[in-house]
Ligand SMILES: [Zn+2]
């Protein structure tokens, strides 16, 4: 039975924020069932705890940002992906800066910290967003489509007009094991000229070859090379897993993405939530190799059962 999960013990760690270029201290705390993922800025005594759901997203330009300007939290997607990847539904993330640390540019260190804090099963069943009918969003030549399936599958294609990145495509089926082995260590990537532009505009002050794959037209600038031959598309899958978690529940369906990014990911979630007839919220009971669905009654979007 897929029960909700949190962590057993509180855990602290720190790292550099990619855009602010400063050290950020984080504490991850266990949370009761149906809490969801909550972010809280402890450097701002009056800031409100904010749940990681689509309604609270304020920006998707360079990364996914939650909460209002001045009190928000930036670059949450890799941590969200790690939480989804380990099946953690309920947690409180406290931090003393406006940005989640970039660490090595992937989610592997978040996974390691969370595993060190030990995953704990709770007594309440998970609820899933189950796709019942096809959903499509597009912008220019980019698109995301979702189809019914009894699993969570992502098929992602990127196509960069760049000799090193080019076209990469991967069809990946979610499992906790495969997330840890095949996806969580894929790093974010950027073009050398984009890094220079970002820096000139005050972004990526903490960016280095320690926390991103950097490419120019001659090759990969990182001495150690790539972790996977198709690391670029794997990282895009990681980002999409993080963004999909903003539904507030794990998704069950076949997701096909072409050249998407955070903004289109958010647009897809908005479209999905508006098309009520195309999905349902269910508890899934695995029995005799058949997926059985039990409709849940509560909407995850109406209440935020968070006890301070
Ligand atoms: Zn990313």
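Structure values in brief
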item	result
Segment residue 177-residue 48, length gained on full extension (0.36 nm per residue, minus Cα span)	43.0 nm
Cα coordinate range in region 3-125, projected on the principal axes (Å, largest first)	38, 29, 26
Residues 190, 139, 184 arranged by fewest to most Cβ contacts within 10 Å	139, 190, 184
Intensity falloff of the chain expressed as log10 I(q)/I(0), Debye formula with alpha-carbon point scatterers, at q = 0.09, 0.12 Å⁻¹	-0.42, -0.78
Alpha-carbon centroids, region 202-243 and region 104-167: separation in whole Å	17
Virtual spin-label span in nm between residue 136 and residue 3, 7 Å along Cα→Cβ	4.3
Volume of the Cα convex hull of region 128-295, divided per residue and given in Å³	130
Computed over the chain: relative contact order in percent, which uses C-alpha pairs under 8 Å that are six or more apart	25
Percent antiparallel among DSSP beta bridges (both partners in region 128-295, rounded to 5)	70
Rough spin-label spacing in nm, given labels placed 7 Å along Cα→Cβ, for residue 224 and residue 12	2.7
80, 264, 221 arranged by Cβ crowding within 10 Å, fewest neighbours leading	221, 264, 80
Region 32-171, relative contact order in percent, only Cα pairs under 8 angstrom and at least six apart counted	18
Rotationally averaged projected area of region 111-150 (alpha carbon convex hull; nm²)	5.5
Value at 222 nm in deg cm²/dmol, rounded to 500, when DSSP H runs of n ≥ 4 in the chain each add -39,500 (n - 2.57)	-5500 deg cm²/dmol
Share, in percent, of DSSP beta bridges within the chain that are antiparallel, nearest 5	75
Region 128-295, relative contact order [Cα under 8 Å, separation at least 6], %	38
Residue 149 versus residue 201: modelled label distance in nm, points set 7 Å from Cα along the beta carbon direction	3.4
For region 173-189 versus region 53-102, the gap between their alpha-carbon centres in whole angstrom	19
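Coordinate-derived values only; no laboratory data. Bear in mind the structure is a predicted one, so any value in this text is a computation, not a measurement. Here Cβ is always computed from backbone atoms with ideal geometry, including for glycine, and neighbour counts include all displayed protein chains.
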